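Below is one structure, written out as structure tokens; comments come after it.
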Amino acid sequence: MIDPASFESAFLPTVPDDEAFWFPFRGPQLLLKSTGGKGASPLRRDEFLSLGLEVIRAQYIGALNGVGCVAAELQKDAPEVTGHQYLDLRRAFFALDPSEFAAAGLAFQIQYWDKNHRFCGGCGGPLALKQTERAKRCDPCDRDFYPPVVPAMIVRVVRGDHILMTRQSRFPKGMYGLVAGFLEPGETLEECVAREVLEETGVRVHNVRYFGSQPWPFPHQIMIGFVADYLSGDIVVDTSELEEAAWFNRSEMPMLPPPISLARRLIDDFLNAD
Ligand SMILES: [Zn+2]
């Protein structure tokens, strides 16, 4: 179960100089302290500053178990550091606990936005961070710009005692997930679910209902989970998106996505139902 309750997003206009967790990114890689056991943990401010790495941009993002958190952007060629590791954010998903990952994910989104949204889309002039909220401002255009969040759907399609599962080529060998895809302009979420299932697998669904959601910082999605019932059609895989799609009986499941993911929560909910 995902419990991000111990991380709370919050805004401050400046980076505080008291003890805090720092989440420094070199491109998509998060700098963490190497530990035994689970492998890695977030850095405290003093530990991070003692490394002497150059910080390009930094922002306060909230508090983890009451301790402030800071998102930071490092040089893209920042050096390796003894006793530490740069971990791709997707791998940090496995190394950190859920509240740490919630903080790391937001840290990535905020520094990514800060780095990639520096100029006004209207006039091309430089944007300034606002002092009152997490946003950037162009005074000449009188416009505010907020960190983007892109909605993506994920769906468990049920057909009696089977669910529709899919494999992307980048998945670990043997692992299957669920149909997922991005919302298009003008669509309802339910229409998006039905379209993605049809496009990727050739199957028509109905009775689309909401299940739950999860921030997905790769780089700035929110995964919105649904359950839908099979209506008609045989599987025809869109091989430009998927390697394979198949119906799986609850007693013969393939390798499943990691427990922290919304995909796994959707699958476990099916497996645990009476
Ligand atoms: Zn402007």
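Since every read-out is calculated from the coordinates, none of them should be taken as a lab result. In this text the structure is predicted, and so the values were computed from the model without any measurement. FYI the Cβ positions are ideal-geometry reconstructions off the backbone, even for glycines, and counts take in every protein chain you see.
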Helix-derived [θ] at 222 nm for the chain: sum -39500 (n - 2.57) over DSSP H runs of at least 4, divide by residue count, nearest 500? -6000 deg cm²/dmol
Neighbourhood net charge (12 Å Cβ-Cβ; Lys/Arg +1, Asp/Glu -1) for residue 134: 0
For region 118-125, in residue order, the Karplus 3J(HN,Hα) values (coefficients 6.51, -1.76, 1.60; θ = phi - 60°; whole Hz; Gly and Pro = x) are 9, 10, 5, x, x, 10, x, x
Separation of alpha-carbon centers, region 81-131 and region 9-79, rounded to whole Å: 10 Å
With a cut-off of 13 Å, note down the residues of region 220-241 whose backbone N falls inside the zone around a label point 7 Å from the Cα of residue 199 toward its beta carbon. 238-241
Distance-filtered residues of region 159-180 - backbone nitrogen under 18 Å, label point 7 angstrom along residue 189 Cα→Cβ: 178-180
In whole Hz and in residue order, list the ³J(HN,Hα) couplings for region 48-65 that follow from phi through the Karplus curve 6.51 cos²θ - 1.76 cosθ + 1.60, θ = phi - 60°; x for Gly and Pro. 5, 5, 5, 6, x, 7, 6, 9, 7, 9, 8, 9, 6, 10, x, 10, 10, 6
Report, in degrees rounded to the nearest 10, the 0 to 90 angle that the Cα long axis of helix 189-201 makes with the longest principal axis of the chain. 70 degrees
Provide Rg and Dmax in Å for region 126-274, with only Cα atoms included in the calculation. 18.2, 62
Qualifying GluC sites (Glu not before Pro) in region 210-274, DSSP loop, other Cβ atoms within 10 Å at most 10: 252
On full extension of the chain, what length is gained from residue 129 through residue 209, given 0.36 nm per residue of separation minus the C-alpha to C-alpha distance? 24.9 nm
Would you kindly calculate the translational diffusion coefficient of the chain, applying Stokes-Einstein with the Kirkwood radius from alpha carbon pairs, for 4 °C and a viscosity of 1.567 mPa s, and quote it in µm² s⁻¹ without decimals? 63 µm²/s
Reach of residue 115 by Cα under 18 Å, taken over lysines that are not fewer than 8 positions away in the same chain: 76, 130, 136
Restricting region 178-274 to trypsin sites (Lys or Arg not before Pro) in coil, as DSSP defines it, with at most 14 other Cβ within 10 Å: 250
